[in-house]
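Each remark here refers to the structure printed beneath this line.
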Amino acid sequence: MRIIRTHEDVEAGLAGLMMLDARLEHVVAKAGPVPLRRTDPGYRGLANIIVSQMVSKASAAAIWRRMEASLGEISPAAVLSLGDEDCRQFGLSRAKADTLRRVAAAAHAGEIDLDAICDADAAVAVRELTAIKGVGRWTAEVYLLFCAGHPDVFPSGDVALQNAIGHALDFDRPTASEIDSLATSWSPWRSVAARLFWAYYAQEMRRDAMPVTP
């Protein structure tokens with residue numbers, strides 16, 4: 001498995017994708033530079049993804065800044081020390097606070113290793129992550145894509161990706177199941193395809209290209 005670590009890896013993936021699907025040549029030409037967008041694996045990386053769900057980029061950044069200012073290191077032990085009022089002051093919803101705590105408890109107890117899971121098969125990793133209540137498929141796949149650098153994951157439930165694919169390939173916005181089927185032809189570079197369509201979404205549709213949950 002070739003981990004996506006560098007911009008050169010992204011370029012190799014784009015070249016591979018255009019060989020697999022000639023339609024993507026048009027998408028690559030219009031998308032402009034395709035960002036790497038990697039972050040370190042571990043609790044902090046997954047917590048940031050959870051915080052970012054279903055809020056604007058600015059709101060997520062503000063919540064994260066308040067958490068860092070209060071806690072310093074975003075670690076399982078630090079998050080487990082928080083009370084309900086602390087979480088409300090950060091701007092966290094009850095559901096997000098509960099999910100952050102459940103992941104922190106699992107990591108702190110050694111029930112899940114968020115670093116080691118990056119080396120697992122994607123299906124196995126998604127299954128282990130989503131066994132924690134509040135962690136859905138989208139969250140798990142985005143963690144594998146951006147924190148693990150997994151080359152072959154496509155978060156088909158992402159609304160921005162759905163809109164970008166429909167726009168770029170000239171059909172109605174596809175469903176997650178339709179994208180799952182379509183994306184099989186982009187293996188083993190589905191993670192680069194996701195980056196490509198987020199870049200296309202930002203460039204051609206003039207929208208924030210942060211991953212967007214349903």
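Read the figures in this text as sums done on the coordinates, not as results from a lab. Not measured: the values here are computed from a predicted model. Heads up, the Cβs are rebuilt from the backbone with ideal geometry, glycines too, and the neighbour counts pull from every protein chain shown.
Side notes on the structure shown:
- Largest-first principal axis extents of the Cα set of the chain (Å): 52, 33, 30
- For D98, neighbours were defined as the other residues whose beta-carbon sits under 11 Å from its Cβ, and their charges (Lys and Arg +1, Asp and Glu -1) total +4.
- Net charge contributed by nearby residues that have their C-beta within less than 11 Å of D121 (K/R +1, D/E -1): -2
- Secondary-structure-derived ellipticity at 222 nm for the chain, considering helices only, amounts to -17000 deg cm²/dmol, per-run term -39500 (n - 2.57) for DSSP H runs with n ≥ 4.
- Net length gained if the chain between D113 and S185 were fully extended (0.36 nm per residue, minus Cα distance): 22.8 nm
- When each of R173, R38 is scored by the number of other beta-carbon atoms lying within 10 Å, the sequence from fewest to most is R173, R38.
- In this structure, D172 and E204 have a Cβ-Cβ separation that, at R0 = 22 Å, corresponds to a calculated FRET efficiency of about 0.85.
- Cβ-defined net charge surrounding I3, 15 Å radius [Lys, Arg +1; Asp, Glu -1]: -2
- The fraction of all Cα pairs in region 43-148 landing in successive 10 Å bins from 0 to the largest distance is 15, 52, 29, 4, given as whole percents.
- Value of relative contact order over the chain, rounded to a whole percent, pairs C-alpha under 8 Å and six or more apart: 29 percent
- Taking region 43-148 and dividing mean pair separation by its residue count, relative contact order in percent (alpha carbons under 8 Å, at least six apart): 30 percent
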